[in-house]
């Protein structure tokens, strides 16, 4: 009787110690070790071990052990008279197995040993279940915070060059992949039907520069298969999968082991895929990683499509501005190509002074449209071959203000209108139409004024031939502090002469291509109209 009471008191003491341990703010791995020590003491065992399936892979593994169980590890819980294995259950959920083991010299376990260990096992199961629930909650909160951060990135900018690296950085923290990439479907050709290839447009991690711009067929690649099926793929062994395209490994020198590939889908249409390669540390990706990447892919699809639509809109917008500029050059054949050259010259000067986007885009548009006000100048003045009379010069001087008045109602163009209005102002205040002086003249207009003069000096005019770079350099240097901002003159002189010549030749080549493409478009359009018109009977 007294022995039973002592045994009961011993178990109660161990149970109290277990509760004390669980109240302490210790790391989970330390608490588990202390629980195993108490379990061994309760069962009078020489060792104890905890078996669980922490990854949810359906396979038990020993997650902690002490004493004999640590000294002689086993691939699974041992069986025999000197081993006890109790299933740990909390709220009807199996959380693992608690094993106790005695040496071969010890007596076999009996029912009393089992009952003492069982008293502790319930609290151990609850503790493990609570810890798992906490870890899952913390993991879920961490993942949601990451997704929120990724979504904020997608909303902050439409510049994919800025957006994608920021996203990759966040994804890497959560998924910890050795390499990440985004693949976009290639445009379908007019006679080839739907797109059958995808190209890597963004990459980060090991060998990223070597995989950029790599194109793979959809039918013979994992990324292509995920795009075609619009389903996420989780591949544990890429090398044994016949769909794995080895071009990337050949380029990077790495060996791909495990892969996740998730299609980016918008309104039922795949636009590409996001892919992650090799989890760091050698572990395979799991379903949780795939779920996270799928969430990111959904947001990425929307962001990439929005950015593409924005780029298309910007391109259409810029082409409209070029058409407007070309319309003016149709009236003044002697200055054909002038707008394109002076745009290129102005941007080169701006970059020399450290100007960056979005200011460069505003400068480009202003330079392209600088003379749009000449649409309001009569042909007799604009195309007059000789010198202008005073009243004609006064009329011509109205064109900056006319251009400004024409465009002021177009809100996106307002940052570009400084060039349109002020490109004939002078550093010394003797310019027009406002007579601005020094830094009161907007920087974009000061840059353009020098580039405009440089192109005028080095281009043919009805009344003179083009002059050489050396003469232009001398004129511009002499006008420093008079017509031109001295700082911009210094920037101009610092640029090697051959760069200006290269820019001019490049613009001429672009203009030639533009003329050729325009001629093809015109002929195609005329032919289509003739064909269409031929389908009607005319009375």
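The values are calculated or read from the model by the stated rules, or taken from the named source; none is laboratory data. Fair warning: this is a prediction, and the values are worked out from it, not measured in the lab. FYI the Cβ positions are ideal-geometry reconstructions off the backbone, even for glycines, and counts take in every protein chain you see.
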Legend entry - helices (runs of 4 or more DSSP H) contained in segment 346-436 and holding at least 2 residues buried (at least 19 other Cβ atoms within 10 Å of the Cβ), in the same structural domain as residue 490 (by TED's automatic domain parsing) and touching a residue at least 60 places away in the same chain (Cβ under 8 Å): 359-368
Inset, instruction - Just give me the residues in segment 457-503 being in contact (Cβ under 8 Å) with a residue 60 or more places away in the chain and assigned to a helix (DSSP H, G or I), in sequence order. - result: 487, 488, 491, 492, 494, 499, 500, 503
Inset, instruction - Hey, can you tell me all the residues within segment 281-294 that are out of contact with any strand residue (DSSP E or B) (no Cβ under 7 Å at 6 or more places or on another chain), surrounded by 16 or more Cβ atoms within 10 Å (Cβ to Cβ) and closer than 17 Å to residue 239 by Cβ? - result: 284
Inset, instruction - Can you tell me which residue within segment 205-232, out of those that are part of a loop (DSSP other than H, G, I, E, B) and free of Cβ contacts under 8 Å to residues at least 40 places away in the same chain, is nearest to residue 177 (Cα to Cα)? - result: 212
Legend entry - Tally of residues being exposed (fewer than 13 other Cβ atoms within 10 Å of the Cβ) and closer than 16 Å to residue 486 by Cα across segment 440-473: 1
Inset, instruction - Assess whether residue 152 counts as being modelled with pLDDT under 80, assigned to a helix (DSSP H, G or I) and assigned by TED's automatic domain parsing to the domain that holds residue 27. - result: no
Legend entry - Count of segment 76-101 residues which are closer than 21 Å to residue 44 by Cα, out of contact with any helix residue (DSSP H, G or I) (no Cβ under 7 Å at 6 or more places or on another chain) and either modelled with pLDDT under 85 or in a strand (DSSP E or B) (or both): 7
Inset, instruction - From the list 23, 61, pick out the single residue that is surrounded by 12 or more Cβ atoms within 10 Å (Cβ to Cβ), modelled with pLDDT under 85 and assigned by TED's automatic domain parsing to the domain that holds residue 105. - result: 61
Inset, instruction - Quick one: residue 231 ticks every box in (1) surrounded by fewer than 18 Cβ atoms within 10 Å (Cβ to Cβ); (2) within 17 Å of residue 304 (Cα to Cα) except a single one, so which number is it? - result: (2)
Inset, instruction - Give segment 281-307 a look and list any residue that's outside any helix (DSSP H, G or I) and free of Cβ contacts under 8 Å to residues at least 40 places away in the same chain, or say none. - result: 282, 283
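Residues checked against (1) in the same structural domain as residue 233 (by TED's automatic domain parsing); (2) touching a residue at least 60 places away in the same chain (Cβ under 8 Å); (3) surrounded by fewer than 22 Cβ atoms within 10 Å (Cβ to Cβ):
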| position | (1), (2), (3) |
| --- | --- |
| 257 | yes, no, yes |
| 263 | yes, no, no |
| 268 | yes, no, yes |
| 274 | yes, yes, no |
| 279 | yes, yes, yes |
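Residue-by-condition table, conditions (1) in the same structural domain as residue 249 (by TED's automatic domain parsing); (2) within 17 Å of the chain's Cα centre (by Cα); (3) at pLDDT below 90; (4) on the phi < 0 side of the Ramachandran plot:
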site	(1), (2), (3), (4)
190	yes, no, yes, yes
193	yes, no, yes, no
199	yes, yes, no, yes
219	yes, no, yes, yes
222	yes, no, yes, yes
234	yes, no, no, yes
Inset, instruction - Within segment 311-331, identify whether any single residue is in a helix (DSSP H, G or I) and under 17 Å from the mean Cα position of the chain (by Cα), and answer yes or no. - result: yes
